[in-house]
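Have a look at the structure below before the remarks.
Nothing in this text is a laboratory measurement; each read-out follows from the coordinates by a stated rule. Quantities reported herein were computed from a predicted structural model and do not represent experimental measurements. Counting neighbours? That spans all protein chains shown, and the Cβs are built from the backbone with ideal geometry, glycine included.
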Amino acid sequence: MAKRPTSNFVCRQCGYSSTTWAGKCPSCDSWNSFEESVTLDSKKESSFLGSAKALEINDNWTDLVKQDQKDRIMTTISDVDLVLGGGFAPASINLLVGQPGIGKSTLTMQIASSVAKSKKVLYVSGEESVAQVGARATRLGAKQGNLHIVSSSSANDIAGEMSTGKYNMVIIDSIQTIGMAEVSSSTGSVSQITNSTNLIMNVAKKSGTTVIIIGHVTKEGAIAGPKILEHIVDVVLQLEGDRYGGFKILRAVKNRYGSTNEAGIFEMAESGLKEVLNPSEALLSERVITDGSIILATVEGSRPLLVEVQALVNESHFGYPKRASSGFDLNRLNLLIAVLEKRTKLNLSTKDIYINIVGGIKLADPAADLAVAMAVASASKGLALKSDAVVFGELGLSGEVRHVSIVEKRINESAKLGYKHIIGPKVRPEITKKIKNCQYHPATDIKSTLNEFLRK
């Protein structure tokens with residue numbers, strides 16, 4: 001008699017597992033986050049040393065690495081291949097996540113269309129009918145040929161089709177709609193997502209099929225579903241940006257086959273997501289020179305990028321001043337305001353302060369500190385920075401300007417776009433000697449920097 005599936009309770013926030021349900025997770029302290037997870041029974045493996053087989057060592061591992069690089073599936077979408085580290089690895093499980101309406105299905109259809117020119121691709125939709133997916137494929141210019149579309153929500157059926165080995169790539173849209181008949185819980189639950197992904201992964205590794213799984217994110221921006229999902233897959237790609245406009249940024253949050261330091265920049269067009277060849281120029285094309293406007297030299301992955309930081313400072317008409325930011329961490333903004341008040345004697349305690357990063361860009365770069373602080377000070381005093389000046393640098397609690405990474409690329413990108421003055425932390429003399437057609441101004445602390453560059 002077959003053993004019944006066993007169940008336990010898993011926290012959907014952190015992945016903590018327990019045999020009993022609890023109202024509060026003891027690991028991450030989140031409430032009502034436990035969901036029942038059913039684990040399918042597998043053959044019990046012997047734990048005796050005598051039954052174990054010796055490992056077979058392969059000394060030709062360098063040749064296998066070279067073959068793996070050769071067998072990678074290229075998309076011909078340069079930014080996607082860049083983020084992946086040279087295309088999709090064979091038999092890899094790739095998870096693409098992002099907010100609803102951000103362009104996940106559009107991007108995967110473009111990838112499918114490109115790959116289908118030379119390889120067989122299966123697009124599985126659990127949310128839309130074949131006609132709906134086909135309409136999107138037609139709009140994006142995808143030809144039928146090697147691209148096959150099917151509507152299914154059964155992980156068993158998908159795994160069965162993958163096991164035939166007919167397809168080089170399978171795209172599943174989305175994992176939250178896929179389930180297994182053996183698991184009694186509802187579609188989208190922890191147990192369904194975990195067991196379905198494990199089944200698809202096992203079949204993909206055996207058949208050599210590359211799999212792209214589309215997933216959703218929570219309202220907080222975290223990947224929806226169990227935390228273990230991120231550990232199961234080989235690559236986690238995150239598509240960020242404003243769903244209503246601006247740039248879309250593709251990052252590799254996890255990549256077993258390449259670097260996680262690269263980023264692809266796209267914009268939505270009628271024909272789908274389009275690569276932005278010169279994002280800095282596009283972001284600054286509509287800039288208006290005024291107080292509170294500062295140009296920041298940041299990086300997306302290893303790519304330098306110039307973005308406009310806007311600040312608006314008004315007198316507060318309420319008892320508690322309002323602080324809001326778009327594209328910049330609010331807690332970091334409050335810290336920078338505190339540094340400005342303490343180190344420069346600016347009175348900001350009675351002011352409403354708003355920060356906006358133009359173009360829908362979300363900044364996580366510590367080098368944005370100096371630009372944001374100068375933008376707030378500029379808007380507060382009504383003094384504008386020179387129109388041909390670029391700023392970058394991290395701020396410490398003492399008001400000092402600290403060193404940041406990838407300095408040379410920031411400087412070169414600024415000089416290339418015609419900016420004459422670059423304000424940043426102290427750098428090595430050999431770097432400043434290479435600077436042409438512009439002047440580098442080393443900044444030591446926020447007070448002296450404001451006094452020098454924000455004057456009438």
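Odds and ends about this structure:
- If only the Cβ of Lys and Arg carry +1 and only the Cβ of Asp and Glu carry -1, the dipole of the chain around its Cα centre is close to 680 debye.
- Entries in Lys24/Lys206; Lys206/Lys362; Lys362/Lys386 that, when Cα-Cα distance is taken, lie over 29 Å: Lys24/Lys206; Lys206/Lys362
- Here the relative contact order of the chain, from alpha carbon pairs under 8 Å that lie six or more residues apart, stands at 12 percent.
- Difference of contour (0.36 nm per residue) and Cα-Cα distance, Asn278 to Ser186: 28.5 nm
- On the beta carbon distance between Asn202 and Arg455, with R0 = 45 Å, the FRET formula returns roughly 0.10.
- In this simple spin-label model, placing a label point 7 Å from the Cα along the Cα-to-Cβ direction at both Asn334 and Ser153 gives a separation of 4.2 nm.
- Helix-only [θ]222 nm of the chain, DSSP H runs n ≥ 4, -39500 (n - 2.57) each, per residue, nearest 500: -8000 deg cm²/dmol
- Taking 7 Å steps out from each Cα toward its Cβ at Ser30 and Met74 produces label points 4.1 nm apart.
- Beta bridges by DSSP in the chain, antiparallel share as percent, to the nearest 5: 55 percent
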